[in-house]
Amino acid sequence: MEEKQLFDQMCESLYAAVLSDTLDELGYRDQVMRENLNPIDPNWVVAGRAKTILSVDVHYLPEDPYAKEIEAVDSVKPNEVVIGCTNESKQNGLWGELLSTASKMRGARGAIVDGLIRDTKKIVELDFPVFATGTKPVDSQGRGLVIDYDVPVRCGGVLVNPGDVVFGDRDGIVVIPAGIVDEVVRRALDKVQRENHTRTELLEGRTLRQVYDKYGVL
């Protein structure tokens, strides 16, 4: 299956909880980002390969403050999700409308920023899924500096490696290690089917114990 088809299918058929459960079953129990990372629009769902960007707080005006940031965004590839690590900054407004526009035009599927963003009205109009911890209208110039990209980063408390698959919806963000993506998606799709059967039989009046014993999901 092509990656675009895979990520489209994940967005259409899966959700964060079933992916988290599946990772639990495989022994990966710490793959969900902190609960304060949320989509600007609660209806947004995103899935794609991690494109990591690392930013740090600064307290001076660099000579070329956007150099690495521009380089990073211009290197985005189709079907990637930008992972913006700010080390939980409260002063660094890393992401906004123009970076969203540039990323979308390069084929990115969304962005997840473990910090503050701005231009949310324009981002919603662009329909580019962005998750963040909050908003702040200040520019990153002199406050935050992108120092590297395509490197392992810790975002929302989870170590994310370039090429891992990230999935986010209104319930949270799950990180799937690159080497187990196919198995996780296969198992999660099966679990969704069993949950659907469980729901149907509960609505028909069967007890929770009856359907749990039959399908093994809760």
Percent of accessible area on the chain owned by carbon and sulfur, 1.4 Å probe? 49
Relative contact order of the chain (C-alpha contacts under 8 Å, at least 6 apart) in percent is 28
Starting from the Cα gyration tensor of the chain, multiply each eigenvalue by 5, take the square root, and state the resulting semi-axes largest first in whole Å. 35, 16, 15
How high is the relative contact order of the range 123-192, in percent, with contacts defined as C-alpha pairs under 8 Å that are six or more residues apart? 14
For the chain, find the longest principal axis of its Cα atoms and tell me its angle to the long axis of helix 16-25, 0 to 90°, nearest 10. 70
Taking 7 Å along the Cα-to-C-beta vector as the label spot, tell me the N43-L189 distance in nanometres, rounded to one decimal. 2.6
Counting pairs of alpha carbon atoms under 8 Å apart in space and at least six apart in sequence, what relative contact order in percent does the range 89-218 give? 16
Accessible area (Å², per residue) of the range 5-75, counting only protein heavy atoms and a probe of 1.4 Å: 51
Contour minus Cα-Cα span, E63 to A17, at 0.36 nm per residue, comes to 12.1 nm
Assuming a strict under-18 Å limit between Cα atoms, what lysine pair count do you get for the range 1-137 once near-sequence pairs (fewer than 8 apart, same chain) are dropped? 13
Across the range 155-171, in residue order, what do the Karplus-derived ³J(HN,Hα) couplings come to in whole Hz, using 6.51 cos²θ - 1.76 cosθ + 1.60 with θ = phi - 60° and x for Gly and Pro? 10, x, x, 10, 6, 10, 9, x, x, 4, 9, 10, 9, x, 9, 5, 7
Using unit Cβ charges (K, R positive; D, E negative) and no other charged atoms, how large, in debye to the nearest 20, is the dipole of the range 1-134 about its Cα centre? 180
With each label point set 7 Å from Cα along the Cα-Cβ vector, what nm distance links I70 and E35? 4.2
May I ask for the net charge around S140, where only other residues with Cβ less than 11 Å from the Cβ of S140 are counted and Lys, Arg are +1 while Asp, Glu are -1? 0
Quick check on packing: order 116-123, 209-216, 129-136 by the mean number of other C-beta atoms within 10 Å, highest mean leading. 129-136, 116-123, 209-216
Count charges around C85 for me, please; just the other residues with Cβ under 11 Å from its Cβ, Lys/Arg as +1, Asp/Glu as -1. -2
Residue among E71, E35, E63 with the largest mean-square fluctuation in a Gaussian network model of the chain, springs linking Cα atoms under 10 Å: E63
For N38, the net charge from surrounding residues (Cβ-Cβ under 11 Å; K, R +1; D, E -1) works out to -2
Computed lengthening from D8 to R209, 0.36 nm per intervening residue step minus Cα-Cα distance: 68.9 nm
Accessible area in the full protein assembly, largest first, 1.4 Å probe, for M33, M105: M105, M33
I147's amide H: which non-local residues (gap 5+, or another chain) put their own amide H closer than 5 Å, with H modeled 1.01 Å from N in plane and none for Pro or chain starts? L54, S55, V56
Taking only Cα atoms and a 10 Å spring cutoff, compute GNM fluctuations for the chain and point out the largest among C85, C11, C155. C11
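The values are calculated or read from the model by the stated rules, or taken from the named source; none is laboratory data. For clarity, every value in this text was computed on a predicted model and none was experimentally measured. Here the Cβ is made from the backbone with ideal geometry for all residues, glycine too, and neighbour counts use every protein chain on show. Side chains included, ligands, DNA and RNA excluded: accessible areas come from the protein's heavy atoms. Shrake-Rupley method; radii C 1.70, N 1.55, O 1.52, S 1.80 Å.
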